[in-house]
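Once you've had a glance at the structure underneath, I'll fire off some questions.
The values are calculated or read from the model by the stated rules, or taken from the named source; none is laboratory data. Every value quoted in this text rests on a predicted model; they were computed, and no experiment measured them. Neighbour counts run over all protein chains shown; Cβ positions are idealised from the backbone, glycine included. In case anyone asks, the SASA skips ligands and DNA or RNA and just uses the protein heavy atoms, side chains included. Shrake-Rupley method; radii C 1.70, N 1.55, O 1.52, S 1.80 Å.
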Amino acid sequence: MEIERKYLIDTLPDNYQDYPSQQIEQAYLCTSPVVRIRRSDDDYYLTYKSGGLLMREEANLPLTKEAYSHLLSKADGLILTKKRYRIPLEGSDLTIDLDVFSGKYTGLILAEVEFPTEEMALSFTPPHWFGREVTFSGEYQNSKLSQG
């Protein structure tokens, strides 16, 4: 079960580039239900996600580079590219996934925080540098972004 909240970011936090990062490329074979393929540096995955906004089922399966390349040619919509920074959230065991998009979405910056329980997600107070929450609108789900 994936439980996460998502926010637009207008101003990047200081020193965000000092944190571990990975280059991500992802595309969608289907958006309802979500079937995604992703390259994260040199790792490749196929992911299934059920419907939902705050909470949804998620399953990841490893792919070879060759299988990823083959499936990428069958993707529906845009191929999304972004750099993800993994920033520890002060005073907790949580991590902020800060996504700085490139390509068609250059300038778009999103932050996601994943939670172990729904209660923690609902009681979360975001850091001061987080912008508007977009969790419940669904407008910034990557599967929607891929549709242009």
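Anything in the stretch 1-23 that is at pLDDT 95 or above and buried (at least 16 other Cβ atoms within 10 Å of the Cβ)? List them, or say none.
The answer is 3, 4, 5, 6, 7, 9, 16, 21.
In the stretch 98-109, which residues are crowded, with 18+ Cβ neighbours inside 10 Å and either within 15 Å of residue 5 (Cα to Cα) or of a type in the set (A, V, I, L, M, F, W, C) (or both)?
Scanning the stretch 98-109 gives 98, 99, 100, 101, 109.
Let me ask something else. Give the residue that is farthest from the chain's Cα centre (by Cα), with candidates limited to residues of the stretch 65-97 that are closer than 23 Å to residue 147 by Cβ and among the aliphatic types (A, V, I, L, M).
Among them, the one singled out is 71.
Restricting the search to the stretch 24-47, which residues are over 20 Å from residue 69 (Cβ atoms) and surrounded by fewer than 19 Cβ atoms within 10 Å (Cβ to Cβ)?
Hits for the stretch 24-47 are 31, 32, 33.
Is there any pair linking a residue in the stretch 28-44 that is in contact (Cβ under 8 Å) with a residue 24 or more places away in the chain to one that is open to solvent by 20 Å² or more (accessible area, probe 1.4 Å) and acidic (Asp, Glu), with Cβ under 6 Å and at least six apart or on different chains, and which?
From the stretch 28-44, the pairs are 28/76; 39/25.
So, in the stretch 116-148, exactly how many residues are under 22 Å from residue 46 (Cα atoms), in a loop (DSSP other than H, G, I, E, B) and under 15 Å from the mean Cα position of the chain (by Cα)?
4
Can you find a residue in the stretch 110-117 that is among the acidic types (Asp, Glu) and open to solvent by 80 Å² or more (accessible area, probe 1.4 Å)? Reasoning before the result, please.
First pass over the stretch 110-117, keeping only residues among the acidic types (Asp, Glu): 112, 114.
Cutting the leftovers down to open to solvent by 80 Å² or more (accessible area, probe 1.4 Å) gives us 114.
Scanning the stretch 110-117 turns up at least one residue that is among the acidic types (Asp, Glu) and open to solvent by 80 Å² or more (accessible area, probe 1.4 Å).
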